[in-house]
Structures are given as structure tokens and as C-alpha cells.
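Just below is one structure, and these are the notes that go with it.
Readers should treat all values here as calculations from the given coordinates under stated rules, not as data from a laboratory. Quick caveat, the model's predicted, so the values are computed rather than measured. Here Cβ is always computed from backbone atoms with ideal geometry, including for glycine, and neighbour counts include all displayed protein chains.
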């Protein structure tokens, strides 16, 4: 009988390891790999590079709108995009539980491969480990993206006051999907994780020379985390018009049911932008011209007052602080 | 009461995550980090770079001669060194089990930090995830090293026949230590993992213009794996003089007790070299002048016969094939 799942021997660095790599990984990644069979991949560069690493441990590994394979590519490619870099290379380390079904592994490798193609990067180094049953829950992937900086000087430390704060899409979609899936809440809707590659949407902003101070994809900790980090790092205040926040009704519903703030929920295909006020409308227009940015919204501005604080305002004049998220929130969200 | 272990909230991307990073990671890594607080690290380069990623899942995480922190830095820095590159940057992604003791985490971060200093690299991007108890066994670390190539064209695909095969040190030390620790075999000796950074030992070979065809650190699968991969990739035969293999008595003892071949056991601070015959003695001399290379040995040669095969010979004329390792060997060795 043919084996149907990953065995410990597939991780021993011998015959079976080679077989796993050839039969499942190379099969779908062949044209996307450089320097296969060496200890390290090699590339030539004469520019400023951005590098970002992230470990993906999401549970469940398959979810509405994506899976761990796709997420692990988009996630790190998005992180270098946030530094104004065009992703070029990616490394990936797979950690797999003994007994993991080949069928599921192949599904993940196929979507991982499709994401690599979409991001137009090359897989420059890879690693596979197999762990005994019970020492890891199904599969973790760590990726590192390397990209060439095309729009320099973006930084969480360089926000100025009187700039506009914009979100490129609706808030909390990914977190709400994972939460409801994990809590087995039936969502009678098509709500999907927003899991997506952000660089193509941002490219026009870079080439149109929009004056951007900072970009940050809103993942773990949601926009509450991004805004508080920016306010702190750049010593500015941030004022958000609460009514402007684009939040899907399904996400609002899940938040009410579970007692969460949408602002603390993760996205995986949305970013927050800080741009100069004069460019805010042009930014909005460019974002909305892209498929991912159709729900983009100007949500607030940086201020000279209330330094290091994020303040939510309503049109009735109510004000409250948006705190840096704390407590457990949702483990294994990405 | 002060918390003594890692909690799920330390992985939520909020206040507690920041605290964990500041109190334990930054405390020991402050001077070694570039671009802290951004989504990606940035560096400038105008050369050929080598990149290598590896996931470290070793069990136990503390062992004679090292721990997972040190191993995760040396391991990936060694991998880029094998491509003739001087390591310059490293990224690290920590995955930690809920309940992991701060005391142990700090020990690991301290040795991780010392290894970064020793390798003279900068930490350019990092990530920390906390996983619910039972979904990961203690801690996994994935690192990616980036290095500048100083000795180009090393490749597993470029071995020629009539070259010398050299090992830089004794065989199987790391594997034997982990095995005996896991099987609770008392070794009445000082046997330690050989876990070490290899670049400094190799640097003189690069500057002295030794004619090297390939380098490979012998880790998972041992030298059996390296030699078989080389024979296959370069379509040459490899003949090894079995009596020349430097193997410590303790390692021989453990192998006999457990029925293993030392050639299948992992090292973490030893590499195999393929150099032109005319340079073999000079190579040996340079290696032996370095602390790590004192037990270096010429163990065999590449041949035009027996292509894709590795053959072990004794002085009595006995011959046998050294197979590519197969079966389970030892999971979680690195």
C-alpha cells in the first residue's frame, strides 16, 4: 500500500527526505526555485534591500479565503512591501507533524506555489522538518522575504503631525473569519479572509510619487496595534473618526457576539497608510482603482496634541482612547 | 506575584508582546539589531549574496556543548559559509510554547546573542509567536542567514574526478550526544556536540586561493548524506578510505551500542571539502592550524569509476557501498 501521510523518515535528510521534496515540493515549485540542491541560494544585487521574516502557525490551516501556504507567502512579501520594497526572493522552512496527510500537504504546496507566482518572487532557500506526532500541531511555516527598495525612507519613526491616516480596506476580516471558524459560529454569508498580496496596489502610489510617511499591514493586534505603535514611535497624536472606519456588517456582528473590537482584529490583505494631507484624495483615488483598495477610506489624521495617544472621535463629539491591545486576543491568527 | 513563564498574551501583538520583546529579547540583543520597530530590516549591497534558511526543532533544547539558540545561529551562518559567503545578516523567528519558563528563554536568548556576536552578523528581522500548551514542544527557531560571497562558484554540482575529499573534524559528535541524551545513556566522558561557527576556519582557505570545488557542513544524514548527494549531483564516484575516518572512541561506543553508522550521524561544526589533489596537503595544514580543524583528515577521493556511488575501502581490500541514509534515523536532531 502506498503511504498516504508524512513519516518521520521523511525528515531524516536521507532517501525519503529527497523523495518527499521531489514528489511534492519540486513537483509544484520546479520553475520557481533557484539554486536547488545547494546549501544556500545565491543572487546578485546592487541596491538597497528589505528583509522580513515571519512564522506562520495559523489554526485552522485551511480557512475561507486562504490557507497557511498562501498566507506564509503573502505575509512576508507584504512586510517588505511596507518598507517600499518590491519582493524578489523568498525562503521557506516547513515544519510538519508526522502523520500529516500527503493530500493536504500537496494542497498547501499548490497554493504556496500559486502565491509565489502571483508575487513574482523566486524561492531561494528551503527546509523541511518532520516532527513526531504530538510535538507540533499539524504544520508551521516560516518565510523570509527579500525585496528591492523602490520607495525609500518609509518608517514607523517618521510620521509628522497633520498627515492623513488611510486604511486600504475593511477592518478585521481575517480575524473575524478565523475566530468564527474556531468558535464554530455559523456565518450566513460569504465573509472571507482578506489574505492578499499588497504590493501591486501600492506600486502606483510609489510611481506617482505620493508623499507617504509610513505603511504598515495590519495583522496581529489589528489597526489598534499599528496606530499605537506609530503614535509611540513618532511621538505624534492620532485622531480617528470612528464613523469612517470601513467594517463589514458580518465582522461587526461577530465582534458584538464575542465582545471584541474590530480594531483589534487581524487583517492579512489590508494596510494602514500615513500620507501628507495634500495627497490624501489622490491616494484614495489610486487605492480605489485597485481591486484590493475598493473600500479604502480616510479615517483620521496625526496631530501635535495628545502625543503617543490614539483617540477615537464620533460626530456627536464623544471621545475615547484606543488602547494598545492587551490580553490574549486570539492565538494562532497568522 | 511576578509571572515566571510565557503566556499566550505574549504572542498577541499587543502590550504584553512588546514587554516580552523588550524585557527578554532586546535586553540581550540591543546592539545587534538593525531596523528594530519596522516591518522589515534594510541593508545596502552591491555584491553577490548567499541566503539560507533552516528550521531548528532539536530536542532536548539544552545539550552538552550547546542549545537551540546557539545552534540556530551557527547552523544558518554555516550554510551560507558553505557557499563561500561571509555571513552578514540573520533573521530569526521564535515559536514558543505557552508556559515556557522565562528563565530558560533568557538562557537561550543569551546564548543566541553570544552566537550572533561571535558570527559578527546583525539581526535584521525577527518574529515571536506563542502557541497554546500542547501545540508545540517547547520551542522552535527558524533563522535565515545572508552573506556576501567572497569565494564564488562552490557547488554540489561542480565536483570533478581525482579530487581529494577532506573532513574538517571528527564524525558524528553532535548526533551521538543528542542520541545518548535522549536514550539516557550515561557517557562517562566529556563528549560534547561539535556545534560551532565554521567560517573563521574556512576564511584562510578562501584567501590562500585553495582550489575548492565544494563545501558542505555535515548535519542531518551525516557525511553519508553529503557524499551521496555530491556523487549524484556531480556524476562522479567517491572512494573513502574507511580507516582514515576520524571518529571519537565515545562516538564509536555509542554507535556500537545502538547499531548506528557514525557516517549517518549529524555534526554541527564540521564540514566536508572537495579540493584539487595538488592542494590537499596545504588544505589540511590550514585546517589543522585552526582550533576547529585539529582533527581534519583526508578521507578519500573522487573517481571516474562507480559514478554516483560512494564506496568505502579498507586496507585489507574490503569494499562496500555507503548508501544514502534511509529510515528514521533520529528525528529532531537539529
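Give me the percent relative contact order of chain B, please, defined on Cα pairs under 8 angstrom at least 6 residues apart. All intermediate terms of the calculation are to be shown ahead of the outcome.
Details: 750 pairs, mean separation 73.4, N = 334.
Relative contact order, chain B: 22 percent.
Please give the average number of partner chain Cβ atoms lying within 10 Å of the Cβ of each residue in B:127-138, rounded to a whole number. Don't skip to the answer; put the middle values down first.
Details: counts 12, 1, 12, 4, 8, 6, 0, 3, 10, 7, 5, 1.
The mean count of partner-chain Cβ atoms within 10 Å per residue comes to 6.
In Å, what Rg and Dmax follow from the Cα atoms of the stretch A:163-321?
Calculated on Cα positions, Rg and Dmax stand at 15.3, 46 Å.
Mind pulling the angle between the C-alpha long axis of helix A:249-258 and the longest principal axis of chain A? Nearest 10 degrees, somewhere in 0 to 90.
That helix lies at roughly 80 degrees to the long axis.
Placing a label point 7 Å from Cα toward Cβ, how far apart in nm is residue A:289 from its equivalents in the other copies, listed shortest first to one decimal?
Its label point is 6.3 nm from the equivalent points in the other copies.
Given label points at 7 Å from Cα along Cα→Cβ, what nm distances, shortest first, separate residue B:101 from the same residue in every other copy?
4.1
Counting alpha carbon pairs within less than 8 Å and at least 6 residues apart, what relative contact order, in whole percent, applies to the stretch A:37-132? Display every interim value, and only then the final one.
Numbers: 99 pairs, mean separation 32.9, N = 96.
After rounding, I find 34 percent.
Under a GNM of chain A (C-alpha, springs under 10 Å), which listed residue has the highest mean-square fluctuation: A:280, A:184, A:103?
Its mean-square fluctuation being the largest, the pick is A:184.
Between A:23, A:173, A:79, find the one with the highest GNM mean-square fluctuation for chain A; connect C-alpha pairs within less than 10 Å.
Highest fluctuation of the listed residues: A:23.
Looking at the protein assembly as shown, send over the antiparallel percent of its DSSP beta bridges, to the nearest 5. Could the numbers behind the result be given before it?
Numbers: 95 of 123 bridges.
So the antiparallel bridges amount to about 75 percent of the total.
What are the semi-axes of the equivalent ellipsoid of the stretch A:8-149, taken as the square roots of 5 times the eigenvalues of the Cα gyration tensor, listed largest first and rounded to whole Å?
Values: eigenvalues 124, 62, 32 Å².
In descending order, the three semi-axes are 25, 18, 13 Å.
Top mean-square fluctuation among A:220, A:182, A:288, Gaussian network model of chain A, C-alpha springs under 10 Å?
Most flexible of the set in this elastic network: A:182.
Can you give the relative contact order of the stretch A:163-321 as a percent, counting alpha carbon pairs under 8 Å and 6+ residues apart? All intermediate terms of the calculation are to be shown ahead of the outcome.
Numbers: 333 pairs, mean separation 69.9, N = 159.
Reported relative contact order: 44 percent.
Separation of the stretch A:21-44 and the stretch A:257-334 by C-alpha centroid, Å?
39 Å
Considering only chain A, what is the antiparallel percent among its DSSP beta bridges, to the nearest 5?
75 percent
Which semi-axis lengths, in whole Å and largest first, follow from the square roots of five times the eigenvalues of the Cα gyration tensor of the protein assembly as shown?
Details: eigenvalues 444, 122, 100 Å².
Result for the protein assembly as shown: semi-axes of 47, 25, 22 Å.
Pull up the DSSP beta bridges for the stretch B:8-149 and report the antiparallel fraction as a percent, rounded to 5.
Values: 21 of 31 bridges.
The antiparallel proportion sits near 70 percent.
Could you put B:254, A:298 in order, starting from the residue whose Cβ has the fewest other Cβ atoms within 10 Å?
Values: B:254 23, A:298 18.
With the sparsest Cβ surroundings first, the list reads A:298, B:254.
Kindly state, to the nearest 0.05, the FRET efficiency for residue A:288 paired with residue A:104, given R0 = 35 Å and r defined as their beta-carbon distance. Don't skip to the end; give the middle numbers.
Values: r = 37 Å, r/R0 = 1.07.
Here the calculated transfer efficiency is 0.40.
In nm, one decimal, shortest first: how far is the label point of residue B:305 (7 Å from Cα along Cα to beta carbon) from the matching points in the other copies?
Distances to the matching label points in the other copies: 9.0 nm.
When the distances between all Cα atoms of chain B are binned every 20 Å from zero, what whole-number percent does each bin get?
It works out to 31, 54, 14, 0, in whole percents.
Would you calculate a helix-derived [θ] at 222 nm for the protein assembly as shown, using -39,500 (n - 2.57) for each DSSP H run of n ≥ 4 and dividing by the full residue count, to the nearest 500? Don't skip to the answer; put the middle values down first.
Details: 16 runs with 178 residues, N = 668.
The helix contribution divided over the protein assembly as shown gives -8000 deg cm²/dmol.
Residue B:62 versus residue A:44, label points 7 Å from Cα toward the beta carbon: distance in nm?
The two pseudo-label positions are separated by 4.9 nm.
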